[in-house]
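Asks: Could you have a look at this structure, given as structure tokens, before my questions?
The values are calculated or read from the model by the stated rules, or taken from the named source; none is laboratory data. Fair warning: this is a prediction, and the values are worked out from it, not measured in the lab. Virtual Cβ from ideal backbone geometry, glycine too; neighbours counted across all protein chains shown.
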There are 2 protein chains.
Amino acid sequence: MAEQKSDNITWHSGQIDRNDRERLVGQRGVTVWLTGLSGSGKSTVAVAAEAELTRRGHLSYVLDGDNVRHGLNSNLGFSPEDRTENIRRIGEVSKLFTEAGVIVFTSFISPYRADRDAVRELMPKGDFVEVFVDASLETCEGRDVKGLYKKARAGEIPEFTGISAPYEAPAKPELVVDTGNQSIQQSVEQVVDHLEKKGYLSAPAAE
Amino acid sequence: MAEQKSDNITWHSGQIDRNDRERLVGQRGVTVWLTGLSGSGKSTVAVAAEAELTRRGHLSYVLDGDNVRHGLNSNLGFSPEDRTENIRRIGEVSKLFTEAGVIVFTSFISPYRADRDAVRELMPKGDFVEVFVDASLETCEGRDVKGLYKKARAGEIPEFTGISAPYEAPAKPELVVDTGNQSIQQSVEQVVDHLEKKGYLSAPAAE
């Protein structure tokens, strides 16, 4: 951050910026946007990647249904407009975390390419890392950890992604993790290795 | 954070929590909610406190009109409902930052006690520090840095806080900074000293 040379500083001009925060925490802020079917392993990968990054001394945070749907987006339903607004708000919040210097994982199905691309457009190039958590519908439905696919097949959940509503896979994601054919640990290593290789786990150079 | 004792960890059970993040960054997450009239010095104090905390090695972030009104809350206007929703969303985002272990300053007039109290209620006790940035209407109008009071007096801005809309001062704020009668530096010291005295600038004890 800018040196404080005297006690007579003009406080407002001494304001710090994103680079100062990033140097403080020794990393770059980034939004790691996990997208994939229900049951594909988004949250498992996000939570495990958060743990691995913490172990390595990096500050990360997971935005997911638990902390967003019941909070910021508690006044949104599941209409097409509300789904788009849901993703938009998550994108804006991710942008704020990214500017704060935090590595933020988002774990939402986010089935529509246009919604995800709109989030990408919110941010400077490089701040948005789209990760396609790729497991086939058969695999996800076979797991059906929450019993949602069964309910969707029974018509109890309308517009369920993969069953009665489309999932649009990313055209050019930064990363694909094939959770259908590899372990969670392998997927986490892929994500963390990508972040390391691309420089997100290092502080920006001093000015 | 929890020790990783082997490579054969069950990733999901190895998830980390707020305490782990707070120990990593050596501080406690907290929302420092600055409220006061337009021109009272909220943003100046917030930005200067952020700089001072950064100098001391603490990660903080300022939410203000610049990064929120044009982003997350760009689809809100100035109706009573939209003003309430504006503050609600800022409160929810602050809560997320607080859970992430960040010291977040919010710099919004937030004139209604009910709206601020609703934000306080969102959070565990101790996570919300209300700071009344107290300068008289005369002082703020005398400064009129942005020329807004002049426009408000001319009737060009409807429902302007202090002129044509009420400002409800906090009944029991954690802190009052009298920016009308002391320097910005003194106000910043008051805020940072409060955070230090209350333990927010230290990591929670290891479990």
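Asks: In segment B:56-174, which strands (runs of 3 or more DSSP E) lie fully inside it and hold 2 or more residues that are away from chain A (no Cβ under 14 Å) and in contact (Cβ under 8 Å) with a residue 12 or more places away in the chain? First the steps, then the outcome.
Replies: On the way: elements: B:60-64, B:103-107, B:128-133.
Ranges flagged: B:128-133.
Asks: What are the pairs with Cβ atoms under 6 angstrom where one residue, in segment A:36-47, is closer than 17 Å to A:PRO170 by Cβ and the other, located anywhere, is in a loop (DSSP other than H, G, I, E, B) and polar (S, T, N, Q)? Sequence gap at least six, or different chains.
Replies: As it stands, the answer is A:SER40/A:THR179; A:GLY41/A:THR179, since those pairs meet every condition given.
Asks: Look at B:ARG89 and say whether it is of a type outside the set (A, V, I, L, M, F, W, C) and over 19 Å from A:ASN86 (Cβ atoms).
Replies: No.
Asks: A follow-up question, please. Among (1) within 22 Å of A:SER183 (Cβ to Cβ); (2) within 11 Å of chain B (Cβ to nearest Cβ), which single condition is A:ARG18 missing?
Replies: If we test A:ARG18 against (1) within 22 Å of A:SER183 (Cβ to Cβ); (2) within 11 Å of chain B (Cβ to nearest Cβ), just (1) comes out false.
Asks: Based on what the data block shows, is A:SER110 over 23 Å from A:GLU196 (Cα atoms), at pLDDT 95 or above and buried (at least 22 other Cβ atoms within 10 Å of the Cβ)?
Replies: yes
Asks: Then there is this: In segment B:171-189, is there at least one residue being over 27 Å from A:ARG21 (Cβ atoms), among the β-branched types (Val, Ile, Thr), at pLDDT below 95 and out of contact with any Gly (no Cβ under 9 Å at 6 or more places or on another chain)?
Replies: no
Asks: Tell me yes or no: at least one residue of segment A:139-157 is among the β-branched types (Val, Ile, Thr) and within 20 Å of the chain's Cα centre (by Cα).
Replies: No, segment A:139-157 contains no residue that is among the β-branched types (Val, Ile, Thr) and within 20 Å of the chain's Cα centre (by Cα).
Asks: Next up: Please go through segment A:190-207 and pick out each residue that is among the charged types (D, E, K, R) and at pLDDT 95 or above.
Replies: Matches in segment A:190-207: A:ASP193, A:GLU196, A:LYS197, A:LYS198.
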